[in-house]
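Novice: One structure coming up, written as structure tokens, with questions to follow.
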Amino acid sequence: MAGPAYLDWNATAPLRPEARAAMTAALDAAGNPSSVHAAGRAARRLVDEARERVAALVGASPKDVVFTSGGTEANALALSPSIGGSLLASTIEHPSVRCGGRFTVVEDVPVTADGIVDLSALERLIAGRDRPLVSIMLANNETGVIQPIAKAAEIVHAAGGLLHVDAVQGPGRIACNFKALGADLMTLSAHKLGGPQGAGALIRRDGLGLEALIKGGGQERGARAGTENVAAIAGFGAAAEAVGKALAGEVAQMTALRDKLEAGIKAVAPDAVILGAKSARLPQTTLFSVPGMKAETAVIAFDLEGVAVSSGSACSSGKVAPSHVLAAMGVEPELARGAIRVSLGYSTGPNEVESFLKAWAKLAESLYKARKHRGIAA
Ligand code: PLP
């Protein structure tokens, strides 16, 4: 009997033990980090230590880390007309970027059929603009396709603009160095790297002035008011430190399992398509489809077998809308409708991949039977 398998790490990663320990300890710290007494100073130390750990993970300076309630808020904080005359965002960005933050207009930067931002289009679109702000993600949450950030940064800076990078899906899967990428602003989310849900950060270059979204007590150097969520921030810091130490070995393990999983998908369904497979991808993400498959029913079938996967973007699961990412790549609607995302993590083992493949063999068999019944060749 195959055991349960959690294979939806791009939606949320299970809490790392280091994060749980740090959070449990921090829950007993009674002070407000803004208070001057000993209890306040102890809470402040927890926040500052986490700030150093998050900064170290991405090679940034601790003073340039602004803690937020997560990736969504960090994106909203970054996208402000106070630092850019116009906003250009790739068509595959997360909805929290696609909505434009405080900009009223978002201009599209297209992607290729392989899911990579079209840099010549970016160059054309940015020419002659006053202080353009460009937002491009480090890796796409649905396909896992890694974007050419350093090259995009060169283009944006040559045009006198600023580059915001939504790096939420990066840490723990690929190297993510703020300075090497050439970003001016970078978004992180704790729960994608084994920290708690409800914590994140915006990294800014050299104290770049930000217009606060939440105004009040002046916390986070005036960039984000409100008493800090000390336990969540401490958990974020501990997870960031653990991720920084572990990356190389974990990546090799995830890549091997992901390759086994993809070979297994194709072994029972030769016409399965791995979306974005021609591009460099995150080592633990597979987005696949088979003509005739319906993602919503497939997710339920997997769930009944104890296997957690998602249909397209988990942030939009629950609503049966076609993926804007696959539409932007020009994937046929029939294929896009069946797209299933399987995402692994550092603690995923061979047994979980086996569980997935058992469930997939069952599902593929019924899919091919149904197709035969409808007169479609398998
Ligand atoms: N950006 C990307 C690429 C994401 O995948 C997500 C969450 O799925 C977010 C932003 C939002 O992050 P959070 O859930 O921390 O608000």
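Novice: Hey, rough spin-label estimate for residue 82 and residue 206, points 7 angstrom out along Cα→Cβ, what's it come to in nanometres?
Specialist: 1.9 nm
Novice: Just order 201-212, 131-142 by mean Cβ neighbour count inside 10 Å, highest at the front, would you?
Specialist: The most tightly packed comes first, giving 131-142, 201-212.
Novice: In which sequence would 15, 188, 367 go, from the one with the fewest C-beta neighbours within 10 Å to the one with the most?
Specialist: Neighbour counts put them in this order, fewest first: 15, 367, 188.
Novice: Same structure, new question: How big is segment 230-378 on each of its three principal axes, counting only the C-alpha atoms and giving the largest first in Å?
Specialist: Rounded to whole Å, the extents work out to 57, 31, 30 Å.
Novice: Along the Cα-to-C-beta direction of residue 332, a point sits 7 Å from the Cα; which residues of segment 267-284 have their amide N less than 13 Å from that point?
Specialist: 271-273
Novice: Could you compute the FRET efficiency for residue 151 and residue 98, with r as their C-beta to C-beta distance and R0 at 30 Å, rounded to 0.05?
Specialist: Calculated value: 0.85.
Novice: Here is a follow-up. Net charge near residue 272, counting Lys/Arg +1 and Asp/Glu -1 over other residues with Cβ under 10 Å of its Cβ?
Specialist: Residues close to residue 272 contribute a combined charge of -1.
Novice: Here is a further query. Quick one: putting +1 on the C-beta of Lys and Arg, -1 on the C-beta of Asp and Glu, what dipole do you get for segment 98-160 around its Cα centre, in Debye to the nearest 20?
Specialist: The dipole magnitude comes to about 240 debye.
Novice: Taking every DSSP beta bridge with both residues inside segment 64-154, roughly what % is antiparallel (nearest 5)?
Specialist: Beta bridges within segment 64-154, antiparallel portion: roughly 20 percent.
Novice: Ok, one more. Place +1 on the Cβ of every Lys and Arg and -1 on the Cβ of every Asp and Glu in segment 210-338, take the dipole about the Cα centre, and give the residue among 304, 238, 212 whose Cα lies farthest towards its positive end.
Specialist: 212
Novice: On a full-extension model of 0.36 nm per residue, what is the gain between residue 48 and residue 255, subtracting their alpha-carbon distance, rounded to one decimal in nm?
Specialist: 71.1 nm
Novice: Using θ = phi - 60° and the Karplus curve 6.51 cos²θ - 1.76 cosθ + 1.60, what whole-Hz ³J(HN,Hα) does each residue of segment 61-76 get, with Gly and Pro shown as x?
Specialist: Running phi through 6.51 cos²θ - 1.76 cosθ + 1.60 with θ = phi - 60° gives 8, x, 5, 9, 9, 10, 6, 10, 7, x, x, 4, 5, 5, 5, 5 Hz.
Novice: Something else now. Taking the Cα centre of segment 11-59 as origin and charging only Cβ (+1 Lys, Arg; -1 Asp, Glu), how large is the dipole, in debye to the nearest 20?
Specialist: 40 debye
Novice: Please sort 324-334, 48-58, 67-77 by packing, taking for each peptide the average over its residues of neighbouring beta carbons within 10 angstrom, highest first.
Specialist: Order by mean packing, descending: 67-77, 48-58, 324-334.
Novice: Taking Rh as the Kirkwood radius, which is the inverse of the mean 1/r over Cα pairs, what is the Rg/Rh value for segment 1-150?
Specialist: 1.06
Novice: Oh, and also: Amide H of residue 307 versus every other amide H placed in the peptide plane: which residues, excluding those fewer than 5 positions away on the same chain, fall under 5 Å?
Specialist: 5
Novice: Enter the mean projected area of the convex hull around the alpha-carbon atoms of the chain, in nm², rounded to one decimal.
Specialist: That works out to 18.9 nm².
Novice: Next up: Between beta-carbons, use under 9 Å as the cut-off and find the net charge around residue 286, counting Lys and Arg +1, Asp and Glu -1.
Specialist: Residues close to residue 286 contribute a combined charge of +2.
Novice: At a 10 Å Cβ-Cβ cut-off, how would you order 369, 362, fewest neighbours first?
Specialist: Ranking 369, 362 by Cβ neighbours within 10 Å, fewest first, gives 369, 362.
Novice: Compute the FRET efficiency between residue 354 and residue 197 as 1/(1 + (r/R0)^6), taking r as their Cβ-Cβ distance and R0 = 22 Å, and round to the nearest 0.05.
Specialist: 0.15
Novice: Here is a follow-up. Peptides 103-115, 345-357: what's the order by average Cβ count within 10 Å, highest mean first?
Specialist: Per-residue mean Cβ counts within 10 Å order the peptides as 345-357, 103-115.
No lab work stands behind these numbers, since they all come straight from the coordinates. All values reported here derive from a predicted model rather than from experimental measurement. Neighbour counts are summed over all protein chains in view; Cβ atoms, including those assigned to glycine, are modelled from backbone coordinates with ideal geometry.
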